[in-house]
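These notes are about the structure you will find just below.
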Amino acid sequence: MTAAVPDSSPSAAARPIPSQRWGVLEFCALSLLVCTIAGSLGAWYWLLDLCSHFRCYYFGFAVLCLIGVWRRKQSTWKWCLAVVLIWNGSLIAPYLPTTTSEPTGQVTPISIVSLNVHTKNQNKKAVVDYLRKQKPDLIVVMEIDVDWAVALKELDDLYPHRLMNPRPDNFGIGLMSMWPLSRPRVMDFADNDLPSIVATIQHDSSPLQIIATHPLPPIGSSRAAERDQQLRKVALFAKSSTIPCLVAGDFNATPWSAAFHEFASVSGLKDSALGRGVQASWNARAWFMRIPIDHVFVPQEAIVVHRAIGPDVGSDHFPVEATIVIPRESQ
């Protein structure tokens, strides 16, 4: 009798690979489900809230994993991935491009650019040239120091009305306007020495209140709490306004975070990006894992004529562009 000889052929050596592949896919599916659930519990803990920012990526990775496990007989992971797709898809859906209504009547549109210039960005000419070419009615700039304030004076011919609050850290802020500013002032909403700017303009003989804000990034429990407090108080301030209100800035929060949801709910304003696609504004220096943290909120009755991400101007943020029309009957 001949002893059995182990099969050492290449095909035999390759047999374990399929099980290893399935193991990786199963791990990815479980991780996606855990991150999806964790992101919806952000109001409880700041680390959980960090998981909320990557909904689009969870959805995309889930599609790839589902393709990988589709031929498996076991349906557990298919159901797991289906939950990930449905959960994240429902949260992304309001931002999918839709048909927008066009404004009627003789109402002047209001255009705004919100741009975190990045304090260390040395390409000041690119920023100035972009803003001069774009010519929005209003400009909100963040992370401006003294050098940035001086560079932006090149736009004085277009924007003679402004309030600039430069700082040596990353929280200088400014508001520039083609129209006169009424009662422009710096406000500290979170009682943490971080400035926001509030002013009023006259639009078609009706007042419009502008709020520019830039809270702390939510890295750590204390910073996350300060960000949430600042956004909450800005929302309450906007809600108490007796005139239409527009809020713009780097929120350091995506549309799926607890802080963003609270801001939208409390302020009564609407995100200008709704129905315009998920417009990721940060990080401009990375081609992967970009997320939307720069926002323009407008009155509910406003018609969003244009909402887009601008070009690379050397910052780690892309500009956010928005043009709106506020119907006369609501002014």
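The values are calculated or read from the model by the stated rules, or taken from the named source; none is laboratory data. Note that the structure is predicted; figures quoted are calculated from it, not measured. So basically every Cβ, Gly included, is an ideal-geometry build from the backbone, and we count neighbours across all protein chains shown.
A few notes on this one:
- Boolean, CYS35 is under 28 Å from HIS261 (Cβ atoms), hydrophobic (A, V, I, L, M, F, W, C) and either at pLDDT 95 or above or touching a strand residue (DSSP E or B) at 6+ places or on another chain (Cβ under 7 Å) (or both): yes
- ASN123 at pLDDT 95 or above and touching a Ser or Thr at 6+ places or on another chain (Cβ under 7 Å): no
- Note on segment 192-226: residues that are among the charged types (D, E, K, R) and within 30 Å of VAL325 (Cα to Cα) total 1.
- Which listed residue is touching a Phe, Trp or Tyr at 6+ places or on another chain (Cβ under 6 Å) and β-branched (Val, Ile, Thr), from THR36, THR76, THR108: THR36
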